[in-house]
Amino acid sequence: MLVLDASAAIRVGMSTAKAALVEAVRDANEVVVPSLFDFEVTNVAWKYGALSDWPSEDCLTLVEDVLAI
């Protein structure tokens, strides 16, 4: 079992995580997240779009990818 918070999941989704984290997520037989995980991930993607001019499609893809972990 792996407990994953939103900031680590975002790094995995953006491919900026260290290889050990990506491997741990991939190899975990169960991933547990906090109850507000969906909201936290969505908020981070919104901030990237609003503050760094990321295209909306990229923000949506990030949310979809992270929530699929």
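Here are the numbers:
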read-out: The chain: relative contact order in percent, alpha carbon pairs under 8 Å with at least 6 residues between; value: 41
read-out: Å² of accessible area per residue within the range 1-50, as computed with a 1.4 Å probe and no ligands counted; value: 68
read-out: With Cα atoms, 0 to 90° folded angle of helix 37-52 axis to the chain main axis; value: 40
read-out: Candidates per trypsin sites (Lys or Arg not before Pro) in the range 1-47, loop by DSSP, up to 16 other Cβ within 10 Å; value: Lys18
read-out: Dmax and Rg, reported as Rg then Dmax, of the chain (C-alpha, Å); value: 11.9, 36
read-out: Principal-axis tilt of helix 56-67 within the chain, Cα atoms, nearest 10 degrees; value: 20
read-out: Accessible surface ranking that places the most exposed of Ser52, Ser35 first, with a 1.4 angstrom probe; value: Ser35, Ser52
read-out: Rounded to the nearest 20 debye, dipole of the chain from Cβ charges on Lys, Arg, Asp, Glu; value: 200
read-out: Asn43 versus Ala20: modelled label distance in nm, points set 7 Å from Cα along the beta carbon direction; value: 2.8
read-out: Fraction of accessible area attributable to carbon and sulfur, the chain (%, probe 1.4 Å); value: 56
read-out: Low-density loop cleavage sites - GluC sites (Glu not before Pro) in the chain, where at most 10 other Cβ are within 10 Å (DSSP); value: Glu30
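The values are calculated or read from the model by the stated rules, or taken from the named source; none is laboratory data. Small disclaimer: the values here were computed from a predicted structure and weren't measured. Reconstructed Cβ throughout: ideal geometry from the backbone, glycine too, with neighbour counts over all protein chains shown. Accessible surface areas use protein heavy atoms only, side chains included; no ligands, DNA or RNA. Shrake-Rupley method; radii C 1.70, N 1.55, O 1.52, S 1.80 Å.
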